[in-house]
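Worksheet for the structure shown next.
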Amino acid sequence: MTALLQVEDLTVQFNRKGVAPFTAVDKVSFEVAPGQTVGLVGESGCGKSVTSLAIMRLLPKRGTTITGRVDFEGTDLLSLPLEGMRDRRGRDLAMIFQDPLSSLNPVVPIGIQVTEVLERHRGMKRSAAMVEARELLESVGIPDPSRRLKEYPHQLSGGMRQRALIAMALACRPRLMIADEPTTALDVTIQAQILALLKTLVVEHGTALIMITHDLGVVAGLVDQVNVLYGGRVVERADRHELFASPRHPYTHGLLASIPRLDAGPGERLTPILGSVSDNIPWTGGCAFAPRCSREIDACRQVSPVLEPLESRADHLLRCHNPVVPVGAGAATVAATLEEEPS
Amino acid sequence: MVTTFSRARKQRIDALVNSGDEGSSLLQDAWARLKGSPLFWFGAVIVGLFVVLAIIGPWIAPHDPGAQLLIDQTSRARNSIAPAQNGFPLGGDTQGRDLLSRMIVGARQTLLVGIFATLIGLVGGLILGILAGAFGGWIDTLVMRIVDVMLSIPSLLLAISIGVLFTNPNLTSVIIAVSIPQIPVFARLLRGQMLAQRESDHVLAARALGVKRGPIVFRHMVPNSISPVIVQATLVVATSILDAAALSFLGLGSQDVSQPEWGQMLGEAQGSIDSHPQLAFWPAGAIIVVVLGFTLLGEALREAIDPKNRR
């Protein structure tokens, strides 16, 4: 299966005068197959949003250095002239953002904002586009779409705003949609609705989806393959079931362990990952996660780990010297795993 | 039976979904606050009366403002002017013309200067501000340096400097002289707002949908940046009227005696301010009241539109 989107060694550096350049995304590579849903997971500052903005080429030109390749259907988006990129945004690749209220123009009615995309990419006249916009709003489950078309963003509820944004993103049937924490700003009940909607639409339209989130619940319900990012690098990649069943990277393990559990015993404490992402990430000469890692060994401070497939599963990639032992594995396998890893 | 049940259920759900906060638009909100503001009503009444006077002035003035009806009671040698009398409640001016009629008719000139000077300043400021805010980079730097240079000169001084360039000062030259110092004020204000908009989420979202630069600027950035500019415009009307009066006072105003203007009347009263202070009192008082009206209106608008005041 050929990939729809192939991100290869994507590196994003922010340069400021007088300060050492800050690498937000460090040689990230991943692929998205047509219709596939891929998750980028990590805590704040791990580079997941910057990755998506770099793919869309929405980062400010000044002070940003982007290297690598972003191959979309055989075209390198990064070397495309800006005009060509603008034509593709919204038509071939679309994006939805975290906060639906601030992502809508407050002084323009919803209808105009939806038709704007249709007029731009499909050359439709305003009146025809309005009819189409009505259908779009209906398809994302907005009741009474004719009335909503004339309303302003502040007159809609949070869930409806995000639905309207999804309608705008899907208006031209893009082959790839990037959702940057689409449910973070919503109530839990609405979150579930929006996720269900995204899932249905993605399946219906055959749209590939990159889901950016820090919420593992979202990942569990929606994503085919998960990339866990830490400090601008992919530290673990596996399909959803594999990752949840046997997380190997201490960071992934910690993320899963830090979720509050309903079946926890009374008085049981949460297990957070201590510390926070450091500003300048020392991947050179060691593992960036080492200072926060509970399984740190000497090698972690000396050799930067590489992303390699596990011996047992070729589709499970890991960047760790001393991975977590999968539950139920015997002592022999543990020893074998330890020997496999370069130390 | 089942269908009616499911339909009722669907309606209930729809009602729930529809019950999301209705909210009120920014304008409705602003109006609600304006209605309760005494400042606004005070300013609005003054401005309203002034505008009405400016429109109907020539028809309600009791006499021809240019006719020297009281010239026989006026003598430059004996420094006497016509006192208030039957039919002439404010008396005559130094030329024996009816002061009340000149005050009434003069409102129109004053309003014209205020409005047109503001409009020209606004248009110029919008063009510069949009250029700087939309393109950024060296265009922004260039425009803003020009604006800085203009702002470094006190506005009245700049207006006077432009005023003296006209060999034959008239209403148009006053308007131009007064309007140019206002351009940088609007330009800087709009540019600041546009820069904030450029970083906003909805502009990013629009860019992510491939919207072109034109619509981004004129549909997404300018309409969201304009409200403080509108407030500023109300305040600039007041400043323009003051500046225009100052120009006329200094003799750089309209020389057309048949078209009285408050600042010009104030200038004429200079020579006799000791003996006949009423000649200066009436036009000066009128200017103060009108300027106060516009300022109160502008301040009330500013407070009403300020998003920090939204509930």
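Quick look at the numbers
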{"quantity": "Selection from the range A:237-252 of residues that are in a helix (DSSP H, G or I) and over 19 Å from the mean Cα position of the chain (by Cα)", "calculated": "A:245, A:250"}
{"quantity": "Candidates B:206, B:196, filtered to the one that is touching a His at 6+ places or on another chain (Cβ under 6 Å) and within 14 Å of chain A (Cβ to nearest Cβ)", "calculated": "B:206"}
{"quantity": "Checking residue A:61 against (1) touching a residue at least 24 places away in the same chain (Cβ under 8 Å); (2) under 27 Å from the mean Cα position of the chain (by Cα), the condition it does not meet", "calculated": "(1)"}
{"quantity": "Residue B:128 assigned to a helix (DSSP H, G or I), surrounded by fewer than 19 Cβ atoms within 10 Å (Cβ to Cβ) and either more than 14 Å from chain A (Cβ to nearest Cβ) or at negative phi (or both)", "calculated": "no"}
{"quantity": "Residue match in the range A:256-271 (condition: surrounded by 11 or more Cβ atoms within 10 Å (Cβ to Cβ), of a type outside the set (Ser, Thr, Tyr), in contact with a Lys or Arg (Cβ under 8 Å, 6 or more places away or on another chain) and modelled with pLDDT under 80)", "calculated": "no"}
{"quantity": "Among the residues listed as A:179, A:192, the single one being farther than 21 Å from residue B:219 by Cα, hydrophobic (A, V, I, L, M, F, W, C) and either touching a Pro at 6+ places or on another chain (Cβ under 6 Å) or away from every other protein chain (no Cβ under 12 Å) (or both)", "calculated": "A:192"}
{"quantity": "Residue list for the range B:143-161, restricted to those being surrounded by 13 or more Cβ atoms within 10 Å (Cβ to Cβ) and more than 18 Å from residue B:122 (Cα to Cα)", "calculated": "B:153, B:160, B:161"}
{"quantity": "Matching residues in the range A:295-315 - criterion: being small (Gly, Ala, Ser) and loosely packed, with under 13 Cβ neighbours inside 10 Å", "calculated": "A:314"}
{"quantity": "Residue B:225 within 14 Å of chain A (Cβ to nearest Cβ), surrounded by 19 or more Cβ atoms within 10 Å (Cβ to Cβ), in contact with a Gly (Cβ under 9 Å, 6 or more places away or on another chain) and under 25 Å from residue B:142 (Cα atoms)", "calculated": "yes"}
{"quantity": "Filtered residue count, the range A:92-147, keeping only those that are basic (Lys, Arg), within 10 Å of chain B (Cβ to nearest Cβ) and under 25 Å from residue A:72 (Cβ atoms)", "calculated": "1"}
{"quantity": "Residue pairs meeting the criteria (Cβ under 7 Å; at least 6 apart or on separate chains; first among the acidic types (Asp, Glu), in the range B:232-255; second part of a helix (DSSP H, G or I))", "calculated": "B:243/B:155; B:243/B:156; B:243/B:159; B:243/B:178"}
{"quantity": "Hits in the range B:178-189 - residues which are in contact with a Ser or Thr (Cβ under 8 Å, 6 or more places away or on another chain) and among the small types (Gly, Ala, Ser)", "calculated": "B:179"}
{"quantity": "Residue within the range B:209-221 that is over 21 Å from residue A:87 (Cα atoms) and either over 25 Å from the mean Cα position of the chain (by Cα) or surrounded by 24 or more Cβ atoms within 10 Å (Cβ to Cβ) (or both) present", "calculated": "no"}
{"quantity": "Residue count, the range A:95-135 (criterion: in a helix (DSSP H, G or I) and surrounded by fewer than 24 Cβ atoms within 10 Å (Cβ to Cβ))", "calculated": "16"}
{"quantity": "Among (1) within 15 Å of the chain's Cα centre (by Cα); (2) surrounded by fewer than 16 Cβ atoms within 10 Å (Cβ to Cβ), the one test that residue A:81 misses", "calculated": "(1)"}
{"quantity": "Filtered residue count, the range A:177-202, keeping only those that are touching a residue at least 40 places away in the same chain (Cβ under 8 Å), hydrophobic (A, V, I, L, M, F, W, C) and surrounded by fewer than 23 Cβ atoms within 10 Å (Cβ to Cβ)", "calculated": "5"}
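The values are calculated or read from the model by the stated rules, or taken from the named source; none is laboratory data. Note that the structure is a prediction, hence the values are computed from the model and not measured. Neighbour counts are summed over all protein chains in view; Cβ atoms, including those assigned to glycine, are modelled from backbone coordinates with ideal geometry.
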